[in-house]
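To start, the structure itself, in structure tokens.
The values are calculated or read from the model by the stated rules, or taken from the named source; none is laboratory data. In this text, all values refer to a predicted model and were calculated from it rather than measured experimentally. Cβ placement follows ideal geometry from the backbone for every residue including glycine, while neighbour counts extend to all protein chains displayed.
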Amino acid sequence: MGDGIEKVVEQGQSTPNRWSTRLAFVLAASGSAVGLGNVWKFPYITGSHGGSAFILLYLLCLAAVAIPVLMAEVMIGREGRMSPVGTFDRLCSQHGIYRRWQICGWLVMIAGFVILSFYSVVAGWAMAYVVRTAMGQFTWVTADGAAAIFADLVEDPERLLAWHTLFMGLTILIVSRGVRGGLERAAAWLMPALVVLLLVLVVYGTRLHGFRAAVDYLLRPDFGALDHGAFLAALGHAFFTLSLGVGAMMTYGAYLGRNSSIGGSCLLVATLDTVVALLAGLAIFPLVFSNGLEPGLGVGLAFQTLPIAFGQLPNGVFLGTLFFGLLTLAALTSAISLAEPAVAWLQERRRMSRVKAATSVGIAAWALGLGSVVSFTEHSRIDLLAGSIYEFLDYAASNVMLPLGGLLVILFAGWVLPRSVVLDQLGGNHRRWPAIWLRLARYVTPGLMLLVFLESLGLLA
Ligand code: TRP
């Protein structure tokens, strides 16, 4: 499409790139926030760090760190109304801000792009497992058998490639349909679907004999367990689970209507995310404990422990298929948000059509993902990177760029952006809450973000 036609098309839209309602924003942002972390990380760190005592600590960290940073991202996005790069450019020139702050926009956008590249590979595993469970491959599987099935998958580059390609294709398809027709519509269908699948699993879990043990593990308060490790885990996870530091929430904020309250919307997103994480624990642990298995963290729990449980339970094929379907949906709504900042940037910088921009980002992230695809095979170690390509990208993005991005964003919103802009974005008619936010964002949140950053660099262990 030529430039001229595109402009006409853009002008032809009455409200280009805006969510149709506040609920659409809340669903899309929750879709980004609810991801693999809610399913395989939160329940386990809660169980192993003091149950409901940990949950209280986690809620404090959400309030003091994650929600203020989320509000900062959304606020910056809505003030700039462009991709992260465009937004920082615009805010710097509009308010006479030192231009080096533009690096922030690049940092968060590149982090999102890098994460998308390997996120798609891991999401591909979940898709592959939908098929495997549906075909009954896990019926009466042993622990060794489950491990072998997993190894078979991740050590087969061709199969991984196929799933990675399929997942990225789906992501591009949704993103290329635009904010309302793609992102919004996907979130409106996928989020409720995800909650329903989760509820089915929870209800099933309540009827298993391991349910009490699960509730006990997840909720029994143990304030003695709240040590320095629990604090750092709560802090890091609160930040991670709200998908901060990659410009995703910033770009979603750019599409938020002027009259929607940022504080209220962000609070809703954090609440939904937490509810889903708790439900995930109530869905997963009864399966684990009813089969005398050990709860664990991450990939092992989802792809090796749970399949054993599905193999032994009545209706296990059905439940397992639901579970991996759920994981796939959760990953899809997160992947969309990872792609959006770069897509928006290509559209505004290169004047590309939406479809072309989404396809370009998708193909580039897909190509970078090939590095992760081969990372799980035997000879994948690259000495220069001190590990496989996947390990390197994951570390650089998750442990360095993401917390650094979050720290810079909160400093920018708290100290650099003119106070009048902040009060105006957050305020509406209120004066008190914005003032409280500003105090948190200036003094408390950056300090805690610095802790997250040092911890993820391994400097606080
Ligand atoms: N929030 C996601 C989860 O809980 C993971 C995640 C972290 C993410 N950063 C992100 C997702 C950025 C999308 C964009 O699993």
* To do: Mind listing just one residue for me: the one in the range 40-66 that is of a type in the set (A, V, I, L, M) and within 14 Å of the ligand (Cβ to nearest atom) and, of those, farthest from Ile262 (Cα to Cα)?
  => Ile45
* Asked: When only residues in the range 100-121 that are aliphatic (A, V, I, L, M) and under 23 Å from Phe167 (Cα atoms) count, which is farthest from the ligand (Cβ to nearest atom)?
  -> Val121
* Residue check: is Val421 in contact with a His (Cβ under 9 Å, 6 or more places away or on another chain), over 16 Å from Ile115 (Cβ atoms) and part of a helix (DSSP H, G or I)? -> yes
* Please list, ordered by first then second residue, the pairs with beta carbon atoms under 9 Å, 6 or more apart or interchain, first in the range 413-429 and without any contact (Cβ under 8 Å) to a residue 40 or more places away in the chain, second part of a loop (DSSP other than H, G, I, E, B) and not acidic (Asp, Glu). => Leu423/Arg431
* **Residue check for Ser290: within 12 Å of the ligand (Cβ to nearest atom) and either over 24 Å from Trp106 (Cα atoms) or touching a residue at least 40 places away in the same chain (Cβ under 8 Å) (or both)** => no
* Which residue out of Ser380, Ser375 is assigned to a helix (DSSP H, G or I) and either more than 16 Å from the ligand (Cβ to nearest atom) or at pLDDT below 90 (or both)? -> Ser375
* Asked: Within the range 253-265, can one find any residue that is modelled with pLDDT of 95 or more, within 15 Å of the ligand (Cβ to nearest atom) and among the hydroxyl-bearing types (Ser, Thr, Tyr)?
  -> no
* Asked: Looking at this structure, is Arg177 at pLDDT 95 or above, surrounded by fewer than 20 Cβ atoms within 10 Å (Cβ to Cβ) and either under 24 Å from the mean Cα position of the chain (by Cα) or acidic (Asp, Glu) (or both)?
  -> yes
* Among Leu56, Leu70, which is the only one that is at negative phi and surrounded by fewer than 24 Cβ atoms within 10 Å (Cβ to Cβ)? -> Leu56
* To do: Return yes or no: is Ala225 surrounded by 17 or more Cβ atoms within 10 Å (Cβ to Cβ), aliphatic (A, V, I, L, M), in contact (Cβ under 8 Å) with a residue 60 or more places away in the chain and away from the ligand (no atom under 16 Å from the Cβ)?
  => no
* Structure fact -> (1) under 22 Å from Ala248 (Cβ atoms); (2) surrounded by fewer than 21 Cβ atoms within 10 Å (Cβ to Cβ) all hold for Gly414 apart from (2)
* Asked: Within the range 141-152, is even one residue more than 14 Å from the ligand (Cβ to nearest atom), among the aliphatic types (A, V, I, L, M), surrounded by fewer than 23 Cβ atoms within 10 Å (Cβ to Cβ) and not in a helix (DSSP H, G or I)?
  -> yes
* Asked: Here is a list of conditions, (1) in contact with a strand residue (DSSP E or B) (Cβ under 9 Å, 6 or more places away or on another chain); (2) of a type in the set (Ser, Thr, Tyr); (3) part of a helix (DSSP H, G or I), and Thr333 meets all of them except one; can you say which number that is?
  -> (1)
* Asked: How many residues are within 21 Å of Gly247 (Cα to Cα) and touching a residue at least 40 places away in the same chain (Cβ under 8 Å) when one looks only at the range 22-63?
  -> 18
* Residue pairs meeting the criteria (Cβ under 6 Å; at least 6 apart or on separate chains; first over 15 Å from Leu411 (Cβ atoms), in the range 91-112; second within 16 Å of the ligand (Cβ to nearest atom) and among the β-branched types (Val, Ile, Thr)) -> Ala111/Val246; Gly112/Val246
* Residue in the range 269-279 that is on the phi > 0 side of the Ramachandran plot, surrounded by fewer than 23 Cβ atoms within 10 Å (Cβ to Cβ) and free of Cβ contacts under 8 Å to residues at least 40 places away in the same chain present -> no
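Among the residues of the range 299-309, are any free of Cβ contacts under 8 Å to residues at least 60 places away in the same chain and within 16 Å of the ligand (Cβ to nearest atom)? Quick ask: steps written out before the conclusion?
First pass over the range 299-309, keeping only residues free of Cβ contacts under 8 Å to residues at least 60 places away in the same chain: 300, 306, 309.
Add one more test, that the residue is within 16 Å of the ligand (Cβ to nearest atom), and what stays is none.
No; the residues of the range 299-309 include none that is free of Cβ contacts under 8 Å to residues at least 60 places away in the same chain and within 16 Å of the ligand (Cβ to nearest atom).
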* Asked: How about the range 228-252: which of its residues are small (Gly, Ala, Ser), more than 10 Å from the ligand (Cβ to nearest atom) and under 24 Å from Cys104 (Cα atoms)?
  -> Gly236, Ala238
* Kindly provide the set of residues from the range 430-443 that are in contact (Cβ under 8 Å) with a residue 24 or more places away in the chain and of a type in the set (Gly, Ala, Ser), ordered by number. => Ala441
* Go through (1) surrounded by fewer than 24 Cβ atoms within 10 Å (Cβ to Cβ); (2) assigned to a helix (DSSP H, G or I); (3) away from the ligand (no atom under 16 Å from the Cβ) and name the single condition Met75 misses. => (1)
